[in-house]
1. Subtracting the Cα-Cα distance from 0.36 nm times the residue separation, let me have the gained length for D338 to S301 in nm, one decimal.
2. Could you tell me the largest-minus-smallest coordinate of the C-alpha atoms of the stretch 312-369 on each of the three principal axes, in descending order and whole angstroms?
3. Want the number for N328 to I313: 0.36 nm per residue separation, take away the alpha-carbon distance, what's left?
4. State, to one decimal in nm, how far the label point of N89 lies from the label point of M365, with both points 7 Å from Cα in the Cβ direction.
5. Restricting to bridges with both residues inside the stretch 195-344, how much of the DSSP beta-bridge set is antiparallel, in percent to the nearest 5?
6. So the label point goes 7 Å from the Cα of I198 along Cα→C-beta, right? Which residues of the stretch 277-313 then have their backbone N under 12 Å from it?
7. Across every pair of different alpha-carbon atoms, what Kirkwood hydrodynamic radius in Å does the stretch 51-130 reach?
8. Net charge near D270, counting Lys/Arg +1 and Asp/Glu -1 over other residues with Cβ under 10 Å of its Cβ?
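Computed from the coordinates by the stated procedures, all read-outs in this text should not be read as laboratory data. None of the values given here were measured: they were computed from a predicted structure. No Cβ is skipped: glycine too gets one built from the backbone with ideal geometry, and neighbour counts run over all protein chains shown.
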Amino acid sequence: MLNKNRKEEESALSVQGGIEQPSQINPNFVKGAGKYRKGRLSVTDIYKGILAGDRTLLSRGITLIESSLSDDLDDAGELIKLCLPHSGNSLRLGITGVPGVGKSTFIETFGLNLIKEGKKVAVLAIDPSSTRTKGSILGDKTRMETLSINPGAYIRPSASKGTLGGVARATREALILCEAAGYDIIMVETVGVGQSEIAVSQIVDFFLLLMLAGGGDELQGIKRGIMEMADLIIINKADGDNIRKAEVAATGYKSALHLFPALPNGWIPDVLTTSAIGNTGIDKVWEKIKEFVALTRSNGSFYNNRRDQALDILNDTIEENLRTHFYNDQGIAEILEDYRNKIFNDELDPYDAAKKLADRYFSEMKYKNE
């Protein structure tokens with residue numbers, strides 16, 4: 001036995017202990033892994049961070065309310081409920097215009113001017129998204145480079161995800177969170193495709209329309225409907241050789257506004273020319289907005305508009321809850337895919353299928369409540 005052990009020790013095949021290799025994982029990182037890992041925060045933690053003005057936690061809060069995951073719905077509702085008493089103190093501005101009109105440049109210049117006056121500015125930019133992939137460019141932080149790094153500003157780009165008018169589903173709730181975070185001016189920038197204006201006008205106090213000189217008759221169909229909702233029209237890019245064209249366009253739009261019926265809030269919309277790049281005329285825009293706020297607050301229409309928006313929230317929330325509850329219903333989910341296949345194969349009428357699903361859903365609800 002001793003000879004056998006000695007032979008194994010002297011064998012060239014025996015494995016030497018060698019040098020102990022260091023760990024490939026930084027032990028300091030392992031010890032503080034919780035510090036680096038993006039774990040799930042409680043609703044209370046996010047809420048406290050929002051009230052403290054923490055932009056990172058504000059972003060996480062908006063991400064939570066934008067989530068369509070069933071696990072996040074209750075937390076999102078609780079967060080909104082906590083923030084709601086701290087909202088309502090900001091001025092909400094809707095800004096729209098056709099692509100290329102210079103919305104992002106205008107918002108950056110306008111926002112920086114407001115920050116110089118001591119205002120905190122938030123921008124909720126709704127980017128168009130693909131109907132196929134639901135993906136979005138989300139390039140507003142790149143386009144508003146100076147504003148995005150200013151400590152007095154917060155920019156949140158969100159994909160429209162194909163929702164009506166390009167307004168993200170949770171834009172209204174994001175407004176509430178930004179107000180709770182202490183932002184004085186909140187601007188909602190829309191896609192500017194012709195329908196988003198209707199949705200935005202229902203969640204803001206002041207609606208701003210940016211136009212270009214020489215837009216052409218191809219946009220007249222869009223212009224009429226948008227102009228009727230606008231509280232102020234701006235002819236942007238009024239600089240260089242375009243100044244004269246902008247002035248002529250402004251005169252034409254002013255004449256057109258006289259043909260529209262008077263607004264119920266007593267405000268008379270106006271037309272201004274601006275150059276966002278040159279920062280000319282931007283101060284006049286702010287003066288007009290302050291005139292609007294003073295007038296509508298004095299005659300009560302500002303607060304009536306906010307109350308109407310609260311009723312819209314009621315109706316929209318009911319519809320959203322019904323839709324979510326319907327599609328999450330186990331009984332519906334079991335037959336919905338089968339119905340879809342039958343409709344695809346022309347074996348079932350879609351209207352008949354919808355009626356059957358609705359009847360089944362309400363029948364189940366009635367049974368559960370008895």
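1. Full extension of this stretch gives 8.2 nm more.
2. Largest first, the stretch 312-369 extends 39, 27, 16 Å along its Cα principal axes.
3. Between N328 and I313, full extension yields 3.2 nm more.
4. Those two pseudo-labels are separated by 3.9 nm.
5. 10 percent
6. none
7. 15.3 Å
8. Its environment carries a net charge of +1.
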